[in-house]
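Worksheet for the structure shown next.
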Amino acid sequence: MSQVLLKAEKINKYFGITHAVKDLSLELYTGEIHGLIGENGSGKSTFSSMLCGIHTVSSGTFNLLGKEIKPKSQVEANKEGVSIIVQEMGTLPGLTVAENIFLGEEDKFMHGIVKDTRAMNKEAQRLLDSYGFTDIKASKMIDHYSFEERKLVEIVKATYFNPKILVVDETTTALSHDGRQELFKVMNKTREMGSTVIFISHDLDEVLEHTDRISVLRDGVLVKTVNTKDVTTDDLKREMVGRELDDKYYRTDYGEPVSDEVVLSLKDLSVPGEFEHINLDLHKGEILGIGGLSECGMHEIGKAIFGASYNRMGNVTLSDGYEIKDIPGAIKHSIAYASKDRDNESIVIADSIGENIMLPSLSDLSNHGFLNLKALSSFAEKFAKQMSTKMTGIKQYVSELSGGNKQKVVLARWIGKGSDILVLDSPTRGIDIKVKADIYSLMTELKNKGKSIIMISEELPELLGMSDRIFIMKDGHFNGEFKRSRELGEKDLIAKMI
């Protein structure tokens with residue numbers, strides 16, 4: 001018989017005047033995987049962040065096995081037996097893999113004031129090998145590894161000490177199929193040991209497949225907790241948004257001609273170790289999709305187009321002959337880029353919404369080198385509201401926003417800039433179905449205005465639903481090209497990916 005492991009009683013969280021979590025009471029049982037779902041801004045990540053010491057609780061209590069816990073940091077939460085794997089980057093650059101795994105636990109390897117680095121590396125490597133992550137070396141700098149590989153390191157960091165509660169916050173969006181399977185193994189093992197997993201995901205099919213119970217949040221309030229076996233995806237969607245929601249948010253047009261006008265050309269574009277000899281032409285008013293498995297090289301293409309790859313070879317040329325070689329040149333010539341790694345590469349987390357939206361347009365908004373603060377604020381306000389960003393105001397820090405609202409800020413800055421070419425890498429990663437619909441609608445609107453979009457995505461329905469053409473990458477090369485068609489299906493794309 002399962003017992004209550006965690007009892008959350010009347011948990012509240014305020015960010016200024018925003019009441020992010022409202023009188024939330026919830027019981028978690030031993031030996032369960034508990035889904036926590038809701039739209040972006042519903043409070044699910046805020047709730048778990050308070051449990052894990054990332055945010056402080058405004059009021060209410062967490063009781064773990066009958067003992068009240070009040071962690072003020074992730075290190076304190078770990079000592080109480082609570083850990084988290086976050087959606088965005090959760091490792092620290094400038095440290096080794098081993099130092100990241102044992103961050104806050106260095107005293108285990110201290111001899112007086114001297115740290116036994118060799119012993120730390122040996123233990124970290126033993127752990128990595130035990131998880132099957134043998135390609136990751138404990139002594140190497142974490143910066144050497146890809147976004148997904150760093151996520152695997154985070155899995156080890158969060159679970160090696162057998163926590164009583166493991167929070168998995170949108171982590172699957174950062175992982176390939178194989179990486180997800182490794183994570184699910186860890187989640188199942190945690191449950192089998194009698195501990196509890198809180199699984200946060202926007203992929204409702206994934207939630208239904210891997211949970212025992214599901215709690216639905218809406219506007220910071222717990223709406224309902226259900227047994228997974230008793231509900232369908234439609235039931236969950238209805239509870240999340242408070243009404244029936246139409247899933248048909250992709251484009252419905254087929255056979256519409258795309259302009260012959262080429263706005264951007266890639267000629268023999270290469271980044272050593274990532275991809276080689278990429279050639280393509282992007283047309284005016286075209287949505288060009290690039291897909292493939294996570295490590296095929298497609299995510300590096302976006303950076304290379306934007307001039308953000310230091311060892312890029314080949315040419316990225318605009319229709320007027322201008323060659324894009326660096327980020328300032330790309331921005332000046334109306335190219336926008338939204339990275340898959342949103343928090344580290346697309347926005348400045350420590351700045352306000354307004355400052356983030358203004359940033360690319362400061363030179364456009366200046367008058368003989370002088371900035372009008374009132375005009376800047378009006379500009380930021382206009383585009384934040386145009387994107388329906390859920391906020392207290394443009395002075396609110398981006399770090400306080402949900403994933404979906406962060407992405408709206410990213411897009412608002414480029415819409416405000418008036419960019420003609422948008423490179424969007426995983427534009428709906430970790431975003432709920434309603435915000436997805438908003439972003440797809442925006443993409444269609446931009447296309448109809450003659451803007452051109454390169455959309456890099458691991459989501460096949462997204463590629464099929466939104467693209468005029470699709471390139472599939474495999475092992476750093478294009479392995480297939482498809483035109484938009486009603487008959488084109490996921491199996492056609494998969495055949496070129498594997």
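Inspect segment 46-56 for any residue being touching a strand residue (DSSP E or B) at 6+ places or on another chain (Cβ under 6 Å), assigned by TED's automatic domain parsing to the domain that holds Ile142, free of Cβ contacts under 8 Å to residues at least 60 places away in the same chain and not in a helix (DSSP H, G or I) and give the result as yes or no.
No, because not a single residue in segment 46-56 is touching a strand residue (DSSP E or B) at 6+ places or on another chain (Cβ under 6 Å), assigned by TED's automatic domain parsing to the domain that holds Ile142, free of Cβ contacts under 8 Å to residues at least 60 places away in the same chain and not in a helix (DSSP H, G or I).
Across segment 147-197, which residue is surrounded by the most Cβ atoms within 10 Å (Cβ to Cβ) among those that are under 16 Å from Ala98 (Cα atoms) and hydroxyl-bearing (Ser, Thr, Tyr)?
If we take residues in segment 147-197 being under 16 Å from Ala98 (Cα atoms) and hydroxyl-bearing (Ser, Thr, Tyr), then Thr159 is surrounded by the most Cβ atoms within 10 Å (Cβ to Cβ).
Quick one: what pairs do we get from segment 96-116, first residue farther than 19 Å from Thr159 by Cβ and in the same structural domain as Lys137 (by TED's automatic domain parsing), second among the acidic types (Asp, Glu) and surrounded by fewer than 21 Cβ atoms within 10 Å (Cβ to Cβ), C-beta under 6 Å, 6+ apart or different chains?
Phe109/Asp116
Filtering segment 202-213 down to residues that are part of a loop (DSSP other than H, G, I, E, B) and in contact with an Asp or Glu (Cβ under 7 Å, 6 or more places away or on another chain), which residue is farthest from Thr18 (Cα to Cα)?
Once the filter is applied, the top-ranked residue is Asp212.
Failed condition for Val216, given (1) outside any loop (DSSP other than H, G, I, E, B); (2) within 16 Å of the chain's Cα centre (by Cα), with all others met?
Of everything listed in (1) outside any loop (DSSP other than H, G, I, E, B); (2) within 16 Å of the chain's Cα centre (by Cα), Val216 misses just condition (2).
What number goes with the only condition from (1) outside the structural domain of Ser467 (by TED's automatic domain parsing); (2) without any contact (Cβ under 8 Å) to a residue 12 or more places away in the chain; (3) charged (D, E, K, R) that Asp320 does not pass?
(1)
Condition first: assigned to a helix (DSSP H, G or I), modelled with pLDDT of 85 or more and in contact with a Lys or Arg (Cβ under 7 Å, 6 or more places away or on another chain). Now tell me which residues in segment 229-255 satisfy that.
Answer for segment 229-255, where residues must be assigned to a helix (DSSP H, G or I), modelled with pLDDT of 85 or more and in contact with a Lys or Arg (Cβ under 7 Å, 6 or more places away or on another chain): just Glu239.
The conditions are (1) surrounded by fewer than 23 Cβ atoms within 10 Å (Cβ to Cβ); (2) over 19 Å from the mean Cα position of the chain (by Cα); (3) over 25 Å from Ala308 (Cα atoms), and Gly418 fails exactly one of them. Which is it?
Failing condition for Gly418: (3).
Scan (1) among the aliphatic types (A, V, I, L, M); (2) part of a loop (DSSP other than H, G, I, E, B); (3) within 17 Å of Leu166 (Cβ to Cβ); (4) over 23 Å from the mean Cα position of the chain (by Cα) for the single condition Ala77 breaks and write down its number.
(2)
Taking segment 321-352 as the search range and keeping residues that are in a helix (DSSP H, G or I) and of a type outside the set (Val, Ile, Thr), which one is surrounded by the fewest Cβ atoms within 10 Å (Cβ to Cβ)?
The residue in question is Pro328.
Restricting attention to segment 299-310, does a residue exist that is surrounded by fewer than 20 Cβ atoms within 10 Å (Cβ to Cβ), of a type in the set (A, V, I, L, M) and without any contact (Cβ under 8 Å) to a residue 24 or more places away in the chain?
No, the conditions are met nowhere in segment 299-310.
I'm checking my understanding of the structure. Among residues of segment 38-57 that are more than 16 Å from Leu222 (Cβ to Cβ) and touching a Lys or Arg at 6+ places or on another chain (Cβ under 8 Å), which one is surrounded by the fewest Cβ atoms within 10 Å (Cβ to Cβ)?
That would be Thr56.
The values are calculated or read from the model by the stated rules, or taken from the named source; none is laboratory data. Being a predicted model, the structure only gives us computed values, none of them experimental. Cβ atoms come from the backbone with ideal geometry, glycine included; neighbour counts cover every protein chain shown.
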